[in-house]
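Just below is one structure, and these are the notes that go with it.
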Amino acid sequence: MFISGPPRVFDGKVIIGNAGSDESAVRGFVTAFDADSGRQLWKFFTVPGNPADGFEDEAQEMAAGTWSGEWWKYGGGGSVWNAITYDKANNQILLGTGNGAPWNHKIRSLGKGDNLFVCSIVALDAQTGKYKWHYQINPGESWDFNAAMDMQLADLTIGGVRRQVVMTAPKNGFYYVIDRKDGRLISAEPFVDVTWAKKIDLATGRPVENPGIRYETGRATFRPTPLGAHSWMPMAYSPRTKLTYIPAIDLQVHFDDTGITRENFKFAEGMALSPGSATRLMRG
């Protein structure tokens, strides 16, 4: 476990997350401290721990129902390594969470369940750290399509109604506009060539995945890649042009987990990448 992103400062508080879900058994979390004294004010875990140890809060208990097997032995992932946004208007913190640990859903959760709050936008009460709402971008994520990319806040008129929104362009290649008061999806359209999913269903908020994308037979080829259609490089929204400017990456990847099983998987030493599958990037 390590820290790869900067702390954020808001309303007399400092908040920071953690990283490392690609290399080790990491359980994601964020911690808020008093900016003057350094005293810990609150801590929120983005994935549940071992049920035998009890749950820190109701959100963890709820999330545990979306996991299978002994996920806590793999950490679970969900690192908050980059995207932390203070929404002053709603007195909340918005977290963009990372991939599962390991990436391979078959290993960490028996291939079952949505695995909250991996690859999600999670809203917390800024004063208490209590869970408010979430929107999961990739349920049961298995490709390093983390949602830890930066988020832009804006007030937009949509359908004649003024709405407070959060906008984000995560690794999976879709550009999301989400109501930041309740987490409801407003729109999600591709900003690069996307072949892992047909679309995002606006009624359910869930992706309509293409067949075989979870490398059920061991192999899958699709766009974009684990590098992301958009990664940590900041994007920007202009209220004047009403456009978002995204530094995009357009590549293809081949996944193959042939011979890799839950029984023989283990995290490599020396902070080596340990996704639970082999990957190869391709331009074509």
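Each residue of the range 56-68 in turn: what ³J(HN,Hα) in whole Hz from Karplus with 6.51, -1.76, 1.60 and θ = phi - 60°, glycine and Pro shown as x?
Along the range 56-68, the couplings run 5, 7, 5, 5, 5, 5, 4, 5, 4, x, 9, 10, 9 Hz.
Would you give the gap between the C-alpha center of the range 112-149 and the C-alpha center of the range 217-284, rounded to a whole Å?
Result: 18 Å between the Cα centres.
Over all distinct alpha-carbon pairs, what is the Kirkwood Rh of the range 27-86 in angstrom?
After inverting the mean inverse Cα-Cα distance, the result is 12.8 Å.
Taking the simple approach of a point 7 Å from Cα along Cα-to-Cβ for both Asp155 and Met1, what is their distance in nm?
It works out to 3.9 nm between the two label points.
GNM on the chain, C-alpha springs below 10 Å: top fluctuator among Ala64, Ala101, Ala147?
Of Ala64, Ala101, Ala147, the most mobile in the Gaussian network model is Ala64.
So which GluC sites (Glu not before Pro) in the range 61-144 end up in coil per DSSP with only 15 or fewer other C-beta atoms within 10 Å?
Of the GluC sites (Glu not before Pro), the ones in loops of the range 61-144 whose Cβ has at most 15 other Cβ atoms within 10 Å are Glu70.
Rg to Rh for the range 5-132: what is it, with Cα atoms only and Rh by Kirkwood?
0.98
Be a star and scan the range 203-229 for residues whose amide nitrogen sits under 14 Å from the point 7 Å along the Cα-to-Cβ vector of Asp250.
223-225, 229
Heavy atoms only, probe 1.4 Å: what % of the accessible area of the chain goes to carbon and sulfur, would you let me know?
Taking all protein chains in place, the chain shows 52 percent carbon and sulfur surface.
Tell me the mean residue ellipticity at 222 nm calculated for the chain from its helices only (DSSP H runs of n ≥ 4, each -39500 (n - 2.57), averaged over every residue, nearest 500).
Using -39500 (n - 2.57) per qualifying helix, the result is -1000 deg cm²/dmol.
Through the Karplus equation 6.51 cos²θ - 1.76 cosθ + 1.60, θ set to phi - 60°, convert the phi angles of the range 206-220 into ³J(HN,Hα) values in whole Hz; use x for Gly and Pro.
After applying 6.51 cos²θ - 1.76 cosθ + 1.60, I find 9, x, 9, 6, 6, x, x, 5, 8, 6, 4, 9, x, 10, 7 Hz.
Ordered by packing density, taken as the mean number of other Cβ atoms within 10 Å over each peptide's residues, highest first, how do 78-86, 261-269 rank?
78-86, 261-269
5 Å is the cut-off here: which amide hydrogens, built 1.01 Å from N in the peptide plane, fall below it relative to Arg27, excluding neighbours closer than 5 in sequence?
HN-HN under 5 Å from Arg27: Gly77.
Taking a threshold of 30 Å on the Cα-Cα distance, which of the pairs Lys13/Lys106; Lys112/Lys198; Lys13/Lys181; Lys73/Lys199; Lys13/Lys132 fall above it?
Table pairs above 30 Å Cα-Cα are Lys13/Lys106; Lys73/Lys199.
Amide H to amide H, which residues 5 or more places from Lys130 or on other chains are under 5 Å from it, using H placed in the peptide plane?
The answer is Asp125.
Scan around Arg206 for amide H atoms under 5 Å from its own, H built in the peptide plane at 1.01 Å from N, and keep only partners 5 or more places away or cross-chain.
Long-range HN contacts for Arg206: Asp201.
Could you run the Karplus curve 6.51 cos²θ - 1.76 cosθ + 1.60 with θ = phi - 60° over the range 256-266 and give me ³J(HN,Hα) per residue in whole Hz, x for Gly and Pro?
With coefficients 6.51, -1.76 and 1.60, one gets 8, 10, 4, x, 9, 10, 4, 6, 9, 6, 8 Hz.
On average, how much accessible surface per residue is there in the chain, in Å², for a 1.4 Å probe, leaving out ligands, DNA and RNA?
Each residue of the chain exposes 44 Å² on average to a 1.4 Å probe.
Using only C-alpha atoms and all pairs of different ones, pull out the Kirkwood radius for the range 154-284 in Å with one decimal.
16.9
Highest mean first, what order results for 237-247, 220-230, 108-118, 10-20 on Cβ atoms within 10 Å?
For the peptides 237-247, 220-230, 108-118, 10-20, the packing ranking is 108-118, 220-230, 10-20, 237-247.
Could you tell me the convex hull volume per residue, in Å³, taken over the Cα atoms of the range 157-197?
Hull volume over Cα atoms, normalised by residue count, gives 77 Å³.
Taking Cα centroids, how far is the range 74-105 from the range 39-67 in Å?
About 14 Å separates the Cα centre of the range 74-105 from the one of the range 39-67.
Which stretch or stretches of the range 251-284 have amide N atoms under 11 Å from the point lying 7 Å from Asp193's Cα along the Cα→Cβ direction?
Correct set: 251-253, 283-284.
Taking a ≥ b ≥ c as the square roots of the eigenvalues of the Cα gyration tensor of the chain, is the shape rounded (a/c under 1.5), prolate (a/b larger than b/c) or oblate?
oblate
Pick from Gly140, Gly96, Gly160: which residue has the top mean-square fluctuation in a GNM of the chain where Cα pairs under 10 Å get a spring?
Most flexible of the set in this elastic network: Gly160.
The values are calculated or read from the model by the stated rules, or taken from the named source; none is laboratory data. Note that the coordinates shown come from a computational prediction; the quantities given were computed from them, not determined experimentally. Here the Cβ is made from the backbone with ideal geometry for all residues, glycine too, and neighbour counts use every protein chain on show. Note: areas computed on protein heavy atoms with side chains; ligands, DNA, RNA excluded. Shrake-Rupley method; radii C 1.70, N 1.55, O 1.52, S 1.80 Å.
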